[in-house]
Amino acid sequence: MSGAGDREAVFPTRQSLGLMKNKLKGAETGHSLLKRKSEALTKRFREITRRIDEAKRKMGRVMQIAAFSLAEVTYAVGGDIGYQIQESAKAARFRVRTKQENVSGVFLPQFESYTTEGNNDFGLTGLGKGGQQVQRCRETYARAVETLVELASLQTAFVILDEVIKVVNRRVNAIEHVIIPRTENTIKYINSELDELDREEFYRLKKVKNNKQRDNAAAEQEELGKRRGSDKENEDDTGTPDVLGEREDNDVIF
Amino acid sequence: MEGLFFNVNGGFIEGIVRGYRNSLLTGQNYGNLTQCETIDDVKLQLAPAYGDFLASLPPNPSTSSLANKTTDKLVAEFRYLQAQATGSGAKFMEYLKYGYMIDNVALLITGTLHERDTRELLERCHPLGWFETMPVLCVATNIEELYNSVLIETPLAPYFKGSLSHQDLDELNIEIIRNTLYKNYLEDFYRFVNEHPDFSNTPTSEIMSEVLEFEADRRAINITMNSFGTELSKEDRQKLYPSFGRLYPEGTLMLSRAEDIEGVGLAVSGVNDYKTFFDSSGMGQGVSGAGNMSGGSGSDGKSLEDMFYQKEMEISKNAFTRQFTHAVIYAWVKLREQEIRNITWIAECIAQNQKERIGNYISVF
């Protein structure tokens, strides 16, 4: 097993075992939650990728048409009207507003385009000739910008989701491959340490018991020996005169 | 009678213009152009007519630079002609330039109104509309100064006088100013070709009257149709119609009252040519064709504007059937302008790979 020696620096106590067990349970719950989140995001991500593909193709078509309608304007007006249009445009007709969408806890900005009505700044451009082409060109470009806005909101969502999915996946992997094994290792370590302690304790107890027994045996032996000795002594003792005894001394005969 | 002394002053110019006319692209040339696959091929096809002007272009030039170079050639030839012209011929060519001057002045007025550095704008001006006092326009910083001291000095001063005050420059839309000027210009030009002793009762006045009347009618119709749905009121609109032309006065009066495309159709129905245009462009049925996804004008058939161009080219072409007239210069300039537009269009179509509408150019030779 990888990182067999990788464990947290804890004292192998019963309390930290409990802590570790809790931690393992928490990690497993978190892992499954994050995994599900990541799956939801990935699903969304795939959908967005597909829509980006569609939007890009659409943009290609629309922009081509728009560029061509500009060519038509050039043909009809017979000159450059760019400057005039730039100067006569005063207020934006095409506007974008943003709102947020919540996808499993991730806020994705969404752009929404709308046109303000009655704002026609260069309505008179090309009054003499080419006016219709100018207006038509404006319409096609408005459509092109619409597509671009749609694409922009998809792209932003794409980037943000990409980032978030990466983070979530990193967390999932971290939990799966680092935290859970490490916690398990720690638990194993603590268990083994505790077992070791148990065994040591048992051995110690045994040893103590042995010692005690031995001591007891020795003590008994001694006791026995002593008793025997004291018996002998007793025998000797009988010989020892009790000087101070009240017994009547035998008269010393010199 | 008019042929007797024309060649003393105008013969050389007329000869040159007829020479220039022969170098215009023909239907055959356009056929070749539409077969091209790249802009480089277009450049190669144009080599006989535009060789020395296109030579300096880099490989695969943009369509706008192609258009610029072809315009350069027109300008160079026009300047040469103008240098050769004398007397009333020179005056006539001045008149040709006024139309471009109006565009340039309008551009500079726009710049001044928005307080931009107008010096940058000088480069965007049409070279044919260049006049000596034009850079002076850039000196003026506000519109009153521009009007009082600078515009008076330009050749266009008579067109401003009487119809536009300096408050108008500030308040009116630049397009209205431009069209007012253009209206005055057309009327003045019309008067000039009909009343100048050198031109009255000559082929010049005949041809130019036809051309200018057509131009006046076209502008009136276009202004009417383009003003639908804008803030331009009917009274203001009426002021922009030139006071001559085949539609004048009944047609223009009806135009000024028209409220939709059908009204325009009714107004022009007095003139057979325009009626035919309206009917064949499908405008008569009130189908304005705009807003469909095709992104272009009705891809089937020609738009009204195309037909006007076609008509203009035919008038210009017919001008060459007459002799002893300066009108051929006008016709030649118009033909060349159309040719430049055609080349740009074909180049655009090739560059954008939209070959299906490449045939929309107008060729009369």
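Return yes when B:Y361 is of a type outside the set (A, V, I, L, M, F, W, C), away from every other protein chain (no Cβ under 12 Å) and surrounded by 20 or more Cβ atoms within 10 Å (Cβ to Cβ) and no when it is not. No, not satisfied.
Among residues of segment B:323-358 being under 22 Å from the mean Cα position of the chain (by Cα) and in a loop (DSSP other than H, G, I, E, B), the one that is farthest from the other protein chains (Cβ to nearest Cβ) is B:T325. Here is the figure for segment B:139-155: residues that are within 15 Å of B:L107 (Cα to Cα) and within 25 Å of the chain's Cα centre (by Cα) total 2.
Applying the condition of being outside any loop (DSSP other than H, G, I, E, B) and more than 7 Å from every other protein chain (Cβ to nearest Cβ) to segment A:113-132 and asking which residue is modelled with the lowest pLDDT yields A:T115. Contact annotation: residue pairs with Cβ atoms under 7 Å, 6 or more positions apart or on different chains, pairing a residue in segment B:119-131 that is at the interface with another protein chain (Cβ under 10 Å from one of its Cβ atoms) and under 18 Å from B:R336 (Cα atoms) with a partner that is buried (at least 16 other Cβ atoms within 10 Å of the Cβ) and of a type in the set (D, E, K, R), are B:H126/B:D103.
The set of residues in segment A:1-51 being touching a Phe, Trp or Tyr at 6+ places or on another chain (Cβ under 8 Å) and at pLDDT below 90 consists of A:R7, A:P12.
For segment A:67-86, filtering for residues that are part of a helix (DSSP H, G or I), in contact with a helix residue (DSSP H, G or I) (Cβ under 7 Å, 6 or more places away or on another chain) and at the interface with another protein chain (Cβ under 7 Å from one of its Cβ atoms) leaves 8.
Which members of segment B:45-80 meet the condition of being more than 14 Å from chain A (Cβ to nearest Cβ) and either polar (S, T, N, Q) or within 21 Å of B:Q354 (Cβ to Cβ) (or both)? Residues satisfying the conditions are B:Q45, B:L46, B:S56, B:N60, B:P61.
Checking every residue in segment B:91-101 against the condition of being in contact with a Leu (Cβ under 8 Å, 6 or more places away or on another chain), within 14 Å of chain A (Cβ to nearest Cβ), surrounded by 15 or more Cβ atoms within 10 Å (Cβ to Cβ) and not small (G, A, S) gives at least one match. In segment B:158-248, counting only helices (runs of 4 or more DSSP H) that sit wholly within it, the ones holding 3 or more residues that are farther than 28 Å from B:E115 by Cα and more than 10 Å from chain A (Cβ to nearest Cβ) span B:174-195, B:203-227, B:234-239.
Taking the conditions (1) buried (at least 18 other Cβ atoms within 10 Å of the Cβ); (2) among the aliphatic types (A, V, I, L, M); (3) at pLDDT 90 or above in turn, A:I180 satisfies each one other than (1). Just one of the listed residues (B:V8, B:V42) is buried (at least 20 other Cβ atoms within 10 Å of the Cβ), assigned to a helix (DSSP H, G or I) and either out of contact with any Lys or Arg (no Cβ under 9 Å at 6 or more places or on another chain) or on the phi < 0 side of the Ramachandran plot (or both), namely B:V42. When B:G284, B:G295, B:G289 are checked against the criterion of being at pLDDT below 85 and more than 14 Å from chain A (Cβ to nearest Cβ), a single residue qualifies: B:G284. If you go through segment B:249-281 and keep only what is touching a Leu at 6+ places or on another chain (Cβ under 7 Å), in a helix (DSSP H, G or I) and farther than 21 Å from A:G130 by Cα, you end up with just B:M254. Within segment A:133-147, not a single residue is more than 30 Å from B:C125 (Cα to Cα), assigned to a strand (DSSP E or B) and more than 8 Å from chain B (Cβ to nearest Cβ). One residue stands out in segment A:146-171 among those that are over 17 Å from the mean Cα position of the chain (by Cα) and without any contact (Cβ under 8 Å) to a residue 60 or more places away in the chain: the one that is surrounded by the most Cβ atoms within 10 Å (Cβ to Cβ), namely A:S153. Per this entry, B:S233 is counted among residues that are modelled with pLDDT under 85 and not acidic (D, E). Return a yes/no flag: does segment B:252-264 have any residue that is closer than 29 Å to B:I329 by Cβ, in contact (Cβ under 8 Å) with a residue 12 or more places away in the chain and over 19 Å from the mean Cα position of the chain (by Cα). Yes, there is a match, as at least one residue in segment B:252-264 is closer than 29 Å to B:I329 by Cβ, in contact (Cβ under 8 Å) with a residue 12 or more places away in the chain and over 19 Å from the mean Cα position of the chain (by Cα). State whether one or more residues within segment A:90-108 are over 30 Å from B:E215 (Cα atoms), touching a Lys or Arg at 6+ places or on another chain (Cβ under 8 Å) and either surrounded by 13 or more Cβ atoms within 10 Å (Cβ to Cβ) or within 14 Å of chain B (Cβ to nearest Cβ) (or both). Yes: one or more hits. Does B:S56 count as in a helix (DSSP H, G or I) and of a type in the set (G, A, S)? It is false that B:S56 is in a helix (DSSP H, G or I) and of a type in the set (G, A, S). Evaluating B:R124 against the criteria (1) under 24 Å from the mean Cα position of the chain (by Cα); (2) crowded, with 18+ Cβ neighbours inside 10 Å; (3) outside any helix (DSSP H, G or I); (4) charged (D, E, K, R) leaves one unmet condition, (2).
Taking the criterion of being under 28 Å from B:L108 (Cβ atoms), surrounded by 18 or more Cβ atoms within 10 Å (Cβ to Cβ) and among the acidic types (D, E), would at least one residue in segment B:163-175 satisfy it? Yes. Among the residues of segment B:102-118, those that are without any contact (Cβ under 8 Å) to a residue 24 or more places away in the chain and exposed (fewer than 15 other Cβ atoms within 10 Å of the Cβ) comprise B:H114, B:D117.
Each row is one residue, and each column tells you yes or no for (1) of a type in the set (A, V, I, L, M); (2) at positive phi; (3) without any contact (Cβ under 8 Å) to a residue 60 or more places away in the chain.
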{"position": "A:Y189", "(1), (2), (3)": "no, no, no"}
{"position": "A:E193", "(1), (2), (3)": "no, no, no"}
{"position": "A:R199", "(1), (2), (3)": "no, no, yes"}
{"position": "A:K207", "(1), (2), (3)": "no, no, yes"}
{"position": "A:K212", "(1), (2), (3)": "no, no, yes"}
{"position": "A:A217", "(1), (2), (3)": "yes, no, yes"}
{"position": "A:E220", "(1), (2), (3)": "no, no, yes"}
{"position": "A:R227", "(1), (2), (3)": "no, no, yes"}
{"position": "A:D231", "(1), (2), (3)": "no, no, yes"}
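Annotation: of all residues in segment B:241-251 being in contact (Cβ under 8 Å) with a residue 24 or more places away in the chain and not aliphatic (A, V, I, L, M), the one that is surrounded by the fewest Cβ atoms within 10 Å (Cβ to Cβ) is B:S243.
The values are calculated or read from the model by the stated rules, or taken from the named source; none is laboratory data. None of the values given here were measured: they were computed from a predicted structure. Neighbour counts run over all protein chains shown; Cβ positions are idealised from the backbone, glycine included.
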